[in-house]
1. Would you be able to say whether some residue in segment 43-50 is in contact with a helix residue (DSSP H, G or I) (Cβ under 7 Å, 6 or more places away or on another chain), among the basic types (Lys, Arg) and surrounded by 13 or more Cβ atoms within 10 Å (Cβ to Cβ)?
2. So how many residues does segment 8-26 have that are part of a loop (DSSP other than H, G, I, E, B) and either surrounded by 11 or more Cβ atoms within 10 Å (Cβ to Cβ) or touching a Pro at 6+ places or on another chain (Cβ under 8 Å) (or both)?
3. Give segment 27-56 a look and list any residue that's farther than 29 Å from residue 17 by Cα and either among the β-branched types (Val, Ile, Thr) or outside any strand (DSSP E or B) (or both), or say none.
4. Of all residues in segment 3-35 being hydroxyl-bearing (Ser, Thr, Tyr) and without any contact (Cβ under 8 Å) to a residue 12 or more places away in the chain, which is nearest to residue 48 (Cα to Cα)?
5. How many residues are out of contact with any strand residue (DSSP E or B) (no Cβ under 7 Å at 6 or more places or on another chain) and modelled with pLDDT of 95 or more if we restrict to segment 2-43?
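The values are calculated or read from the model by the stated rules, or taken from the named source; none is laboratory data. Note that this is a predicted model, so its numbers are computed, not measured. Because the Cβ atoms are built from the backbone with ideal geometry, glycine has one as well, and the counts that use them run over all protein chains shown.
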Amino acid sequence: MSKVCQVCGKGPQTGHNVSHSVRRTKRRFLPNLTEKKVFNAKTGETEKKKLCMKCLKTAAKG
């Protein structure tokens with residue numbers, strides 16, 4: 001299962017865990033994805049899509 005938003009393309013980013021003694025180890029920042037049913041106006045059907053929370057909030061606005 002890929003960790004990429006199907007609307008905006010947001011995916012995992014890399015960074016560091018930093019301990020109290022400032023030692024750095026690699027880590028991944030994953031996007032907050034949920035699988036939602038979205039209505040497609042062109043086909044008239046609902047589709048399952050993986051959306052990040054930012055895209056889900058903007059879709060709920062308009």
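1. No, because not a single residue in segment 43-50 is in contact with a helix residue (DSSP H, G or I) (Cβ under 7 Å, 6 or more places away or on another chain), among the basic types (Lys, Arg) and surrounded by 13 or more Cβ atoms within 10 Å (Cβ to Cβ).
2. 4
3. Answer for segment 27-56, where residues must be farther than 29 Å from residue 17 by Cα and either among the β-branched types (Val, Ile, Thr) or outside any strand (DSSP E or B) (or both): 38, 41, 42, 43, 44, 46.
4. 25
5. Summing the residues that are out of contact with any strand residue (DSSP E or B) (no Cβ under 7 Å at 6 or more places or on another chain) and modelled with pLDDT of 95 or more in segment 2-43 gives 9.
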